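Trainee: Input: one structure, supplied below.
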Amino acid sequence: MFSVSQNCWFIRKVVTWRAVASIAWSVLLLPVTTTLFVFLVRLSLFHPVQWIAVVPSIPCSRVALLAKLLHPRQCVHSLVHCAVGMVVMWCASVIAGVRYRTLSSPCTGSESGSVPETCLNEYHLFFLLAGAFMGYSHSFLGVVQNMNYVSFQIILQYKYMRFKGSLASVVKCGALQSLHSVRNYVALYYFFGHLPRAWILNMLNLQMDSALCSLDSLAGLLDPSLLYHLWISGTFLLLTWYITVLLFRIYVTEPYRFPVQSTFAEDTDQCLPKVLTEKDVLVMKFLALQDLALLARYSPSCRQEVFSLSQPGGHPHNWNAISKECLALLGELTQRLVAHHDTVASNGRAKRPSVSSDARSVSSGNSVMSGAEDLLQTPHPSSIIKTPGSVFKSSMMGLSSPMTVPFTPDLESPFSSPAVRRLAGHQVPPSPWYGSVQSPHVMRRGPKLWSTSTDSQANGSPPPTPAPTPSTLRPEQKSSFLAQWLQNRKEQVKSFLTKRVMIAYLFNKLPEASSQALFADSQAHIWALEGLSHLVAASFSEDKYGVVQTTLPSILSCMLTLQEAVDRHFKLPHASSKPVKTTCSMGDATYKTLRFALRAALKTAIYRITSTFGEHLNAVCISVEHQKRLQQFMEYRE
């Protein structure tokens, strides 16, 4: 992990310049959009001479989305957008004309000769509140539509061509969103507009002009000129924000070339093998993975640097660092998919770290203690490449995988699915109720705490020791009983709450949200697959020292294991359903289809390797299951 001083070179030389360039271009385009705005505001069909004289985190439940909207940082973000919207709409009201220019104006119904009274100009207040409403709507939709999400383009384009191609859709989205905001704001003002108006009248000691129609009525709101100016002003406001977001996305996602190796030692932190291990600045890591995919495909000279040996020593440090990071990324995704599959298979129940509630004997307590001692010696799952059988047994490893612990099913529970037991390779004695028809009114027989002598003599096993009472247990066993009791109370409270309609509506998982969250960062895995597969395929003819051949079994095993995990995931509900396309939105929705892109990239990567090496892969030392799966790819049957 880099320190702040090591990361500052990328922020100073790359990200800062790109951010400044995007802001500069948005400022330069502001006069053009302002001129167009003034032109449309002054538009008059009846007096043409006059107007001529005169611019995507994914919440998995509704309560998670609500918590995201109510986060203090999001509240500050919304307040800032409300303030900016009010300032812009104030400028728009001044430009629009006399009727909207000031907040107060002389009352039109005052008698001649008397001191003119000051009345509230509700049109100006209407514009200011509209700006606040549109600012909050923009901030709200930014969370719902993941507008802060920056995606990378599959087909690389020049910045000008990309901006030119997106400008028409940005203008369309701004106009439509402004129209929707005007519709919602008019309805909201009709019902609640008297509240801010009364507060302003009281604070500024103003009066209502009795000669004018109030705007919280149908006669006041159904004013074509008012609605037109409000829509044009809202379009100008949203278009300014949208263009800024578009330019920022274009400049930030521009490809950056990282050197593979450097002659000077002080520049090693800027080289590709070192940057790939970055954990803090994710944009730098993503750009590095993008650069890896591009150089592996299009740059023979860079590939030679990857395959080169260090001098002195003759070690493939570049290849080792790149392949290690890519395999770590793919292994992490595999573990994540396995954990999610175990969660769905066990209906979301976490595995209990204590003794099973079915049998609380001393022997079971000793086995738990000995199992915990074995787990301390178990290596971390991300440090080895698992075969398909061992990967799906990782749920039995307990504390060895922090990611899979909360989602591991209780395989010893009488309510667990037999398919889950077969998946984990854990043989559980069949239940006496297995295969029989049971009525929902029949109570399931609980397991006995100890067996009788007759039962023990019948099966030839020695009679087990009766389960000790809590008073005779050691402190470790007492703590396990306490944890079991707390877990049971937690399950009872959870079962009680899920029966309430409103609570279930808020806490139930959104369709496809869990699957989308699993693959939210899969663009990095796609580039890792492309970079690895292109480098392995190129090594068949370009690797003079054979550095790739040493890690080829690990690469194939990792890809085939991930392939099995992805195939299992797409058999789950909602995993294979395509998301609904949005009509017009500035939120980037490409993350919703990343799981399909990853599945295609994974198959393409394996086919790229098998088509290059052919029958030579039969000599690679991998497991039997992987050999069978690899043979299907070699015969083009996958």
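The values are calculated or read from the model by the stated rules, or taken from the named source; none is laboratory data. Here the structure is a predicted model, which means the values were calculated and not measured. Heads up, the Cβs are rebuilt from the backbone with ideal geometry, glycines too, and the neighbour counts pull from every protein chain shown. Note: areas computed on protein heavy atoms with side chains; ligands, DNA, RNA excluded. Shrake-Rupley method; radii C 1.70, N 1.55, O 1.52, S 1.80 Å.
Trainee: What number of residues in segment 573-592 are hydroxyl-bearing (Ser, Thr, Tyr) and open to solvent by 60 Å² or more (accessible area, probe 1.4 Å)?
Mentor: Number of matching residues: 4.
Trainee: Could you tell me how many of the residues in segment 60-86 are in contact with a Phe, Trp or Tyr (Cβ under 6 Å, 6 or more places away or on another chain) and of a type in the set (A, V, I, L, M)?
Mentor: Residues of segment 60-86 that are in contact with a Phe, Trp or Tyr (Cβ under 6 Å, 6 or more places away or on another chain), as a first pass: 61, 63, 78, 82.
Filter once more, keeping what is of a type in the set (A, V, I, L, M): 63.
Within segment 60-86, residues that are in contact with a Phe, Trp or Tyr (Cβ under 6 Å, 6 or more places away or on another chain) and of a type in the set (A, V, I, L, M) number 1.
Trainee: Here is a follow-up. Quick one: how many residues across segment 267-316 are in a helix (DSSP H, G or I) and either within 32 Å of the chain's Cα centre (by Cα) or not basic (Lys, Arg) (or both)?
Mentor: Taking segment 267-316 as the starting set, the residues that turn out to be in a helix (DSSP H, G or I) are 267-270, 272-275, 282-298, 300-307.
Pick out the ones that are also either within 32 Å of the chain's Cα centre (by Cα) or not basic (Lys, Arg) (or both) and you get 267-270, 272-275, 282-298, 300-302, 304-307.
Residues in segment 267-316 being in a helix (DSSP H, G or I) and either within 32 Å of the chain's Cα centre (by Cα) or not basic (Lys, Arg) (or both): 32 in total.
Trainee: Something else about it: Mind counting the residues in segment 597-629 that are assigned to a helix (DSSP H, G or I) and either under 32 Å from the mean Cα position of the chain (by Cα) or loosely packed, with under 15 Cβ neighbours inside 10 Å (or both)? Break it down stepwise before answering.
Mentor: Taking segment 597-629 and keeping what is assigned to a helix (DSSP H, G or I), we get 597-619, 624-629.
With either under 32 Å from the mean Cα position of the chain (by Cα) or loosely packed, with under 15 Cβ neighbours inside 10 Å (or both) added as a condition, the list becomes 597-609, 611, 614-616, 618-619, 624, 626, 628-629.
Adding up the residues that qualify gives 23.
Trainee: Scan segment 239-246 and tell me whether some residue there is under 26 Å from Ile154 (Cα atoms), among the aliphatic types (A, V, I, L, M), under 23 Å from the mean Cα position of the chain (by Cα) and open to solvent by 50 Å² or more (accessible area, probe 1.4 Å).
Mentor: Quick first cut of segment 239-246, residues under 26 Å from Ile154 (Cα atoms) only: 239, 241-246.
Of the ones still in play, those that are also among the aliphatic types (A, V, I, L, M) are 239, 243, 245-246.
If we keep only those that are under 23 Å from the mean Cα position of the chain (by Cα) too, we end up with 245-246.
Checking which are open to solvent by 50 Å² or more (accessible area, probe 1.4 Å) leaves us with none.
For segment 239-246, residues under 26 Å from Ile154 (Cα atoms), among the aliphatic types (A, V, I, L, M), under 23 Å from the mean Cα position of the chain (by Cα) and open to solvent by 50 Å² or more (accessible area, probe 1.4 Å): absent.
Trainee: Looking only at residues that are of a type in the set (Gly, Ala, Ser) and open to solvent by 50 Å² or more (accessible area, probe 1.4 Å) in segment 111-147, which one is modelled with the highest pLDDT? Outline the logic, then answer.
Mentor: Filtering segment 111-147 for residues of a type in the set (Gly, Ala, Ser) gives 112-114, 130-132, 135, 137, 139, 142.
Applying the additional criterion that residues be open to solvent by 50 Å² or more (accessible area, probe 1.4 Å) yields 112-114.
Details: Ser112: 53, Gly113: 51, Ser114: 59.
Restricting to residues being of a type in the set (Gly, Ala, Ser) and open to solvent by 50 Å² or more (accessible area, probe 1.4 Å), the top hit is Ser114.
Trainee: Using the structure shown, decide if Ser169 is of a type in the set (S, T, N, Q), part of a helix (DSSP H, G or I) and surrounded by 19 or more Cβ atoms within 10 Å (Cβ to Cβ). First the steps, then the outcome.
Mentor: Values: of a type in the set (S, T, N, Q): yes; part of a helix (DSSP H, G or I): yes; surrounded by 19 or more Cβ atoms within 10 Å (Cβ to Cβ): no.
So Ser169 does not fit the description; no.
Trainee: Run down Ser57, Ser61, Ser5, Ser44 and say which single residue is modelled with pLDDT under 60 and more than 29 Å from Phe236 (Cβ to Cβ).
Mentor: On the way: Ser57 fails: modelled with pLDDT under 60; Ser61 fails: modelled with pLDDT under 60; Ser44 fails: more than 29 Å from Phe236 (Cβ to Cβ).
Within the list Ser57, Ser61, Ser5, Ser44, the selection yields Ser5.
Trainee: Search segment 247-260 for residues being open to solvent by 30 Å² or more (accessible area, probe 1.4 Å) and assigned to a loop (DSSP other than H, G, I, E, B), and hand back the single one that is farthest from Ser26 (Cα to Cα).
Mentor: Of everything passing the filter in segment 247-260, Pro259 is farthest from Ser26 (Cα to Cα).
Trainee: Tell me, please, whether a residue that is surrounded by 18 or more Cβ atoms within 10 Å (Cβ to Cβ), closer than 16 Å to Glu325 by Cβ and charged (D, E, K, R) can be found in segment 281-295.
Mentor: Checking segment 281-295: at least one residue is surrounded by 18 or more Cβ atoms within 10 Å (Cβ to Cβ), closer than 16 Å to Glu325 by Cβ and charged (D, E, K, R).
Trainee: Going residue by residue through segment 554-565, is there one that turns out to be in contact with a helix residue (DSSP H, G or I) (Cβ under 8 Å, 6 or more places away or on another chain) and of a type in the set (D, E, K, R)? Outline the logic, then answer.
Mentor: First pass over segment 554-565, keeping only residues in contact with a helix residue (DSSP H, G or I) (Cβ under 8 Å, 6 or more places away or on another chain): 554-565.
Okay, now just the ones that are also of a type in the set (D, E, K, R), so 564.
Yes, segment 554-565 contains at least one residue that is in contact with a helix residue (DSSP H, G or I) (Cβ under 8 Å, 6 or more places away or on another chain) and of a type in the set (D, E, K, R).
Trainee: Is there a residue in segment 209-231 that is within 34 Å of the chain's Cα centre (by Cα), within 30 Å of Ser166 (Cα to Cα), in a helix (DSSP H, G or I) and modelled with pLDDT of 90 or more? Walk me through how you get there before you give the answer.
Mentor: Within segment 209-231, the first condition is being within 34 Å of the chain's Cα centre (by Cα), and the residues that meet it are 231.
Right, trim to within 30 Å of Ser166 (Cα to Cα) and you get 231.
Narrowing the set further to residues that are in a helix (DSSP H, G or I) leaves 231.
Imposing the further condition that a residue be modelled with pLDDT of 90 or more reduces the set to 231.
Yes, segment 209-231 contains at least one residue that is within 34 Å of the chain's Cα centre (by Cα), within 30 Å of Ser166 (Cα to Cα), in a helix (DSSP H, G or I) and modelled with pLDDT of 90 or more.
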